[in-house]
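Before any comments, here is the structure.
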Amino acid sequence: METIARHGIAHSFAPFKSLSQTVITSASTLSHSGFTISDSVTFVEPIITHAPNEKVMAKQWLHGYQYGPLWVPPLIGPGTLANLFLAYTAQSQMQRIAYIVAALSIFSILPITFFYMEPGINGATKWKVQMLLKDEGFGMKDTTVWYPSAHRQGGTLASRRWAERTGMKELILFWRRVNNWRWGIAFLAAVASGWATFSEVA
């Protein structure tokens, strides 16, 4: 009965499913991967190559980094939910597994960002920015790992100490290496979702 019901739902939602597949493969997962790659290449490279000093480098990195919350959740949320919907209505077990892998992969970027990057490399780099711009009156209020914010300081004591003995360029390069894992995960999600979509319509 459950299988019959699932197939009935799949048939009823066929038009929406087709739209969801298009959104997933061409917008949510692929776009997130593309944006994240862009962060590593077109955002970071000009900063570390052309910034005349560490202060300018710090300002440029901070402004770019603080744009992240404007596009990351809007891409991850719909991509995760649409993949879960497609997993529920998938016609085969392999397609269902692929959609679930895609959903979990794209969603995993949020905890990686909030619970690993924010208290770690993000916090360290923001602390370095604060140090470099202190004489200009720049500062950030503290926050916790449970309330991450691009406009607040959530770095651990260890990450702050690391920032104090590390150059701005080295911190940005490390940030890029960690960010590369995020676009790799997003690309994996896009491949899994794309395979399931095209195998279903083939």
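Observations on the model:
- Close Cβ contacts (under 7 Å, 6 or more residues apart or on different chains) running from residues in the range 148-166 that are on the phi > 0 side of the Ramachandran plot to residues that are crowded, with 17+ Cβ neighbours inside 10 Å are absent.
- Residues of the range 56-79 classified as of a type in the set (D, E, K, R) and under 14 Å from Glu170 (Cα atoms), total: 0
- Test set (1) surrounded by 17 or more Cβ atoms within 10 Å (Cβ to Cβ); (2) within 27 Å of Leu70 (Cβ to Cβ) - Thr89 fails condition number: (2)
- Index of the failed condition, Pro52 passing every other in (1) assigned to a helix (DSSP H, G or I); (2) farther than 27 Å from Val145 by Cβ; (3) free of Cβ contacts under 8 Å to residues at least 24 places away in the same chain: (1)
- In the range 80-98 there is at least one residue that is in contact with a Ser or Thr (Cβ under 9 Å, 6 or more places away or on another chain), part of a helix (DSSP H, G or I) and within 30 Å of Leu173 (Cα to Cα).
- Sub-8 Å Cβ pairs linking a first residue in the range 55-66 that is touching a residue at least 60 places away in the same chain (Cβ under 8 Å) to a second residue that is buried (at least 18 other Cβ atoms within 10 Å of the Cβ) and not in a helix (DSSP H, G or I), at least 6 apart or interchain, are Met57/Ala51, ordered by first then second residue.
- Residue pairs whose Cβ atoms lie under 7 Å apart, separated by 6 or more positions or on different chains, with the first residue in the range 95-122 and without any contact (Cβ under 8 Å) to a residue 60 or more places away in the chain and over 15 Å from Val72 (Cα atoms) and the second among the hydroxyl-bearing types (Ser, Thr, Tyr) and surrounded by fewer than 19 Cβ atoms within 10 Å (Cβ to Cβ), are Pro119/Thr156.
- So Ala87, is it of a type outside the set (Val, Ile, Thr) and either under 18 Å from Trp183 (Cβ atoms) or under 20 Å from the mean Cα position of the chain (by Cα) (or both): no
- Only helices (runs of 4 or more DSSP H) whose full extent lies in the range 120-202 are considered here, and the ones with at least 1 residues that are basic (Lys, Arg) and at pLDDT below 90 are 168-201.
- The residue of the range 146-200 that is surrounded by the fewest Cβ atoms within 10 Å (Cβ to Cβ), among those that are farther than 21 Å from Gly68 by Cα and β-branched (Val, Ile, Thr), is Thr166.
The values are calculated or read from the model by the stated rules, or taken from the named source; none is laboratory data. This is a predicted model, so every value here is computed, not measured. When we count neighbours, we look across all protein chains shown, and the Cβ atoms used for this are built from the backbone with ideal geometry, even at glycine.
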